[in-house]
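The values are calculated or read from the model by the stated rules, or taken from the named source; none is laboratory data. Here the structure is a predicted model, which means the values were calculated and not measured. Backbone-built Cβ (ideal geometry, glycine too); neighbour counts: all protein chains shown. For the accessible areas, the whole protein counts, side chains as well, though only heavy atoms, and no ligand, DNA or RNA atoms are used. Shrake-Rupley method; radii C 1.70, N 1.55, O 1.52, S 1.80 Å.
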Amino acid sequence: MKTIVILISGRGSNLLAILEARLPLTVAAVISNEPQAGGLATAKQHGIPTRVVDHRLHRERSTFDEALSAEIDVFKPDLVVLAGFMRILSAAFVGRYRGRLINIHPSLLPAFTGLHTHRRALAAGVKLHGCTVHFVTPELDHGPIVIQAAVPVMEGDSEQSLAARVLAEEHRVYPQAVRWFCEDRLNITPQGLVTLKAAQAASGALVSPPRDS
Ligand code: GAR
């Protein structure tokens, strides 16, 4: 059985979704850079060891990253899962976990990298928005894409209503991606694309606004 470590910074709803999916893996630890992160309580309630590596105690990004990887490596994880982890990671850190570090981002990458994705999607007038699980590479919010979910943007949506619609899909696709990794079904091609062993073909189309019938 594979072992994973989950990194969080906040509320931890994706962490909870992964825990509630009861995947065939061991969550060895939940590590937060924020001592007050709500997800730490969630982890404790599930009997999972927690650690805090407070970025404020480090003047340099490199020493924070070293302290973080020292905590991670104690648990010898097969996979490191960023679940709302809001620190930019150095190339050295990313390189250390190459091919075994994944992230969820609240947009259909490569659109809307960075922050405030829902606000920016509304401002751009896109009709479809969503979320992406990807392997992490040194470039922020880039890297081989594992799975995406798209949702319609509705007229009258606020940043909050759109975020909630996307978040519900995050909670579906992130456990799925973690499961695939732990089943050894993900492969990264030399071109940097993800292939899925025994994948089922997607079908149909999400059209927004819907076509007139
Ligand atoms: C999620 O929406 C996640 O996609 C986003 O932070 C939120 C964390 O929520 N991550 C990023 O923006 C990373 N660039 P959670 O703590 O409830 O899982």
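In terms of solvent-accessible area of protein heavy atoms at a 1.4 angstrom probe, what is the ranking of GLU71, GLU170, GLU60, highest value first?
Ranked list, largest accessible area first: GLU60, GLU71, GLU170.
³J(HN,Hα) across segment 178-195 via Karplus (A = 6.51, B = -1.76, C = 1.60, θ = phi - 60°), whole Hz, x for Gly/Pro?
5, 4, 4, 4, 6, 8, 6, 9, 9, 10, 9, 6, x, 7, x, 10, 9, 10
Any idea what the alpha-carbon Rg over 2.2 N^0.38 Å comes to for segment 118-213?
Working: Rg = 15.3 Å, N = 96, 2.2 N^0.38 = 12.5 Å.
Rg over 2.2 N^0.38 Å, computed on Cα atoms: 1.23.
For segment 1-113, just say rounded, prolate or oblate: build the C-alpha gyration tensor, square-root its eigenvalues into a ≥ b ≥ c, call rounded for a/c under 1.5, and beyond that prolate if a/b exceeds b/c, oblate if not. Each step should come with its number before you reach the end.
On the way: a/c = 1.29, a/b = 1.17, b/c = 1.11.
Rounded is the answer for segment 1-113, as its axis ratio a/c remains below 1.5.
Give me the net charge for the shell around LEU40: Cβ to Cβ below 13 angstrom, other residues only, Lys and Arg +1, Asp and Glu -1.
Every neighbour counted, the sum reads +1.
Between beta-carbons, use under 14 Å as the cut-off and find the net charge around PRO110, counting Lys and Arg +1, Asp and Glu -1.
-1
Roughly how much of PHE112 is accessible, in Å² to the nearest 10, using a 1.4 Å probe?
40 Å²
Students often forget the sequence filter, so: which aspartates and glutamates lie under 19 Å Cα-Cα from LYS2 once same-chain residues fewer than 8 apart are removed?
Within the straight-line cut-off, LYS2 pairs with GLU20, GLU71, ASP73, ASP78, GLU183, ASP184.
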